[in-house]
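Participant: Dropping a structure here in structure tokens format, bear with me for questions.
The values are calculated or read from the model by the stated rules, or taken from the named source; none is laboratory data. Model, not experiment: these values are computed from the prediction. Methodologically, a virtual Cβ is constructed for each residue, glycine included, from the backbone with ideal geometry; neighbour enumeration extends over all protein chains shown.
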Amino acid sequence: MRVEAIELREVALPLLFGFKTSFELRHQHVCLLVRVIADGLEGWGEVPAEDSPLYNEETVGTAWHILEDFIIPMVLGREVPHPRAFAAQVAPIRRNHMAKAGLEAALWDLAGRREGMSLSALLGGTQARIAAGISLGIEPEIDLLLDRIAHFLAAGYRRIKVKIEPGWDVATVARIRQRFGGILLQVDANSAYAPEDAPIFRALDEFSLLLIEQPLAEDDLLDHAALQAQLRTPICLDESITSPAQAEKALRIDACRVINIKAARVGGITAALAIHDLCRARSIPVWCGGLLETGIGRAANLALASLPNFVLPADLSASDRYFAEDVIDPPVRLEADGTVPVPQGPGLGVEIRLDRIENATRRVAQFR
């Protein structure tokens with residue numbers, strides 16, 4: 001397909017309530033939306049970077065710069081024979097994974113629409129419904145967190161994930177277990193701890209957690225391996241896994257026993273597929289994490305999560321978990337059985353609500 005035009009939009013959607021991690025408190029979701037036009041069709045992707053370089057090194061500003069000045073000139077007016085070819089075309093650009101992933105996702109959406117296939121089918125997905133978990137932030141007080149957990153369990157979510165940080169960890173998990181018993185429960189530290197905090201994780205090891213996500217620094221595989229050797233609970237790596245090669249290294253030294261796959265974090269769906277296949281070959285379970293995406297990014301994540309080795313509940317909650325009004329129709333909905341259906345229409349399989357996108361747009365640019 002010959003790329004005829006590309007549009008970038010920076011959008012900001014208010015969150016229904018604040019979301020606090022160990023590194024920031026968010027009240028809105030800021031991202032870039034990418035629209036690619038080729039062969040008379042269009043495809044959409046999302047760059048879920050934020051205003052600050054706290055989850056990883058990228059921001060909406062840096063992603064816009066890299067897309068406008070480097071990535072778009074590499075593909076505009078040129079043939080992209082298949083979305084899988086895109087990664088090789090932009091390989092000279094180091095890292096900037098989210099910027100790359102947003103444009104690649106739009107190419108995958110466009111390819112699905114051209115072939116009349118859902119993105120899930122195009123990727124080889126086998127699951128029509130994805131077991132949904134919920135991710136809950138750090139709250140001002142424990143009772144508020146417990147009330148939120150009760151609400152989302154009643155709504156049908158199959159797994160609870162809570163963010164932790166020093167001082168909000170062992171006692172918090174103890175209170176959750178005391179009130180809710182043996183629910184599927186995992187914790188996410190977002191690299192908030194150091195190797196000397198190992199006693200905290202040995203204490204958490206007693207609570208039968210599904211996994212402990214990203215306890216140590218994102219560039220520290222060796223200390224993760226040392227910590228994993230002390231625990232029964234699987235360590236899951238998120239920020240540390242930035243490529244298939246990095247995933248292979250982590251597994252080789254037993255730095256983790258579960259991987260959270262986010263296409264935006266690793267440079268796109270093609271790289272995410274490679275990590276899925278690597279883990280499947282080694283019997284390592286994976287699950288699909290989220291970055292507070294709009295329905296555009298969430299629909300792409302649902303297609304990815306339909307692959308066979310995504311066996312743990314995903315962070316793919318309903319649109320109304322975060323937004324009063326999403327930018328797609330129909331919105332992502334949680335079914336009564338605690339699953340989210342995978343869209344089956346061509347490409348992303350959802351209708352893009354351009355009117356809502358325009359209402360949320362902070363800046364826009366077209367490239368032809």
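Participant: Which of the residues spanning segment 319-337 are at pLDDT below 95 and assigned to a strand (DSSP E or B)?
Facilitator: Asp329
Participant: Let me ask something else. Checking the conditions here, which among Asp197, Asp277, Asp205, Asp223 is part of a helix (DSSP H, G or I) and under 30 Å from Ala121 (Cα atoms)?
Facilitator: Answer to the check: Asp277.
Participant: What residue, of Leu292, Leu312, Leu316, Leu307, is in a loop (DSSP other than H, G, I, E, B), touching a residue at least 60 places away in the same chain (Cβ under 8 Å) and closer than 20 Å to Asn56 by Cα? Break it down into steps so the answer makes sense when it comes.
Facilitator: On the way: Leu312 fails: closer than 20 Å to Asn56 by Cα; Leu316 fails: closer than 20 Å to Asn56 by Cα; Leu307 fails: closer than 20 Å to Asn56 by Cα.
Result: Leu292 is the single residue among Leu292, Leu312, Leu316, Leu307 that is in a loop (DSSP other than H, G, I, E, B), touching a residue at least 60 places away in the same chain (Cβ under 8 Å) and closer than 20 Å to Asn56 by Cα.
Participant: Now, a different point. Looking at segment 94-147 only, could you name the residues that are under 25 Å from Val75 (Cα atoms), surrounded by fewer than 17 Cβ atoms within 10 Å (Cβ to Cβ) and within 22 Å of the chain's Cα centre (by Cα)?
Facilitator: The answer is Arg94, Arg95.
Participant: Criterion first (of a type in the set (Gly, Ala, Ser) and either surrounded by fewer than 18 Cβ atoms within 10 Å (Cβ to Cβ) or outside the structural domain of Asp238 (by TED's automatic domain parsing) (or both)) does Ala194 satisfy it? Even if it seems obvious, please write down each step before you answer.
Facilitator: Values: of a type in the set (Gly, Ala, Ser): yes; either surrounded by fewer than 18 Cβ atoms within 10 Å (Cβ to Cβ) or outside the structural domain of Asp238 (by TED's automatic domain parsing) (or both): yes.
When the stated conditions are applied, Ala194 passes them.
Participant: Need a quick list: helices (runs of 4 or more DSSP H) entirely within segment 101-182 having at least 2 residues that are acidic (Asp, Glu). Don't jump to the end; show me each part of the working.
Facilitator: Numbers: elements: 119-123, 142-155, 170-180.
Output list reads 142-155.
Participant: Condition check: surrounded by 21 or more Cβ atoms within 10 Å (Cβ to Cβ), in contact (Cβ under 8 Å) with a residue 40 or more places away in the chain, among the hydroxyl-bearing types (Ser, Thr, Tyr) and out of contact with any Ser or Thr (no Cβ under 6 Å at 6 or more places or on another chain). Does Thr361 satisfy that?
Facilitator: no
Participant: Looking at (1) closer than 16 Å to Gln214 by Cβ; (2) surrounded by fewer than 19 Cβ atoms within 10 Å (Cβ to Cβ), can you tell me which one Leu291 breaks?
Facilitator: (2)
Participant: Is there any pair linking a residue in segment 50-73 that is within 15 Å of Arg94 (Cα to Cα) to one that is of a type in the set (Lys, Arg) and part of a loop (DSSP other than H, G, I, E, B), with Cβ under 9 Å and at least six apart or on different chains, and which?
Facilitator: Hits for this filter: Asn56/Arg95; Glu57/Arg95; Glu58/Arg95.
Participant: Please go through segment 159-183 and give me each residue that is farther than 14 Å from Ile200 by Cβ and either surrounded by 19 or more Cβ atoms within 10 Å (Cβ to Cβ) or free of Cβ contacts under 8 Å to residues at least 12 places away in the same chain (or both), ordered by number.
Facilitator: Taking segment 159-183 and keeping what is farther than 14 Å from Ile200 by Cβ, we get 159-163, 175-183.
Within segment 159-183, Arg159, Ile160, Lys161, Val162, Lys163, Ile176, Gln178, Gly181 qualify.
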